[in-house]
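As structure tokens, the structure follows; a few thoughts come after it.
The values are calculated or read from the model by the stated rules, or taken from the named source; none is laboratory data. Model, not experiment: these values are computed from the prediction. Using ideal geometry, Cβ is built from the backbone for each residue, glycine included, and neighbour counts are taken over all protein chains shown. Surface areas here come from the heavy atoms of the whole protein model, side chains and all, with no ligands, DNA or RNA. Shrake-Rupley method; radii C 1.70, N 1.55, O 1.52, S 1.80 Å.
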Amino acid sequence: MTTIAAPSRTTGTASALRRLYFVRFAFAIVWALVMFTMASKISPVAAVLLVLYPLFDVGAAVVDANASRTTQSPVLLYVNMAVSLVAAIGVGVASASGIPAVLRVWGAWAIVSGLVQLIVAVPRRKMGGQWPMILSGGISVLAGASFVASAGADEPTLTNAIGYAIPGGIFFLISALRLGRAAKEN
């Protein structure tokens with residue numbers, strides 16, 4: 001008689017997060033490349049894309065919460081969903097006021113969501129692939145503060161806020177690759 005061990009809960013979570021992180025990487029890179037063409041003013045298309053980014057984060061947090069429910073409490077992911085939803089609404093409203101208002105909302109969102117990302121990633125370290133998420137969370141907090149500060153510049157642009165998506169996407173890619181290794185080892 002042969003028995004096959006069922007995959008552990010950690011392996012299933014790592015596999016689901018790996019897929020999610022690959023999607024988040026692709027979305028961040030494509031979004032940033034499109035947005036760079038609109039960094040100097042807020043057109044209606046730019047406003048929609050600016051709102052879409054935190055909404056995508058809400059969807060990603062839903063997927064993450066469902067995937068990791070068996071390995072940890074999803075409470076912080078629910079907080080992230082709420083924060084990102086408020087950010088999407090705030091960015092939509094701020095878009096009518098101009099780039100400085102968008103940078104303030106975007107910066108506040110980056111700070112809070114970065115803190116949440118840090119708090120979620122630290123206990124996941126033993127799963128593997130989380131050091132990039134820890135670094136990304138810390139960088140998000142610092143970047144958010146810089147966005148808020150840059151809102152007071154003479155002629156602020158969205159370039160830095162848009163550029164923030166690229167390293168975030170790269171951190172998701174690195175984490176996805178590392179989670180692939182972790183999933184095979186478990």
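For the chain, the carbon plus sulfur part of the accessible surface works out to 69%, probe radius 1.4 Å. Axis angle, to the nearest 10 degrees, between helix 75-95 and the longest C-alpha principal axis of the chain: 20 degrees.
Modelled this way, with points 7 Å down the Cα-to-C-beta line, the labels at VAL23 and VAL122 are 2.9 nm from one another. Per residue, the convex hull spanned by the alpha carbons of the range 65-105 comes to 61 Å³.
If I stretch the segment between SER43 and ILE89 completely, what's the gain in nm (0.36 nm per residue apart, minus their alpha carbon distance), one decimal? Spell out each step's value before the answer.
Details: separation 46, 0.36 × 46 = 16.56 nm, distance 1.67 nm.
Gain on extension, SER43 to ILE89, equals 14.9 nm.
Toward the positive end of the charge dipole of the range 74-186, about the Cα centre and with charges on Cβ (Lys, Arg +1; Asp, Glu -1), which of ALA121, ILE170, ALA82 goes farthest? In the range 74-186, that residue is ALA121. Considering only the Cα atoms of the range 46-118, their convex hull presents on average a projected area of 4.4 nm².
Rounded to two decimal places and with Rh computed the Kirkwood way over Cα pairs, what is Rg over Rh for the range 33-186?
Radius of gyration relative to Kirkwood radius: 1.00.
Given R₀ = 45 Å, what would the calculated FRET efficiency be for SER146 paired with THR70, taking r from the Cβ atoms and rounding to 0.05?
Working: r = 37 Å, r/R0 = 0.83.
Plugging the Cβ-Cβ distance into 1/(1 + (r/R0)^6) gives 0.75.
Taking every protein chain into account, the accessible area of the range 24-170 amounts to 45 square angstrom per residue (probe 1.4 Å).
This model, with +1 at the C-beta of Lys and Arg and -1 at the C-beta of Asp and Glu, gives the chain a dipole about its Cα centre of some 740 debye.
Between 0 and 90 degrees, the angle of helix 99-121 with respect to the longest Cα principal axis of the chain falls at about 20 degrees.
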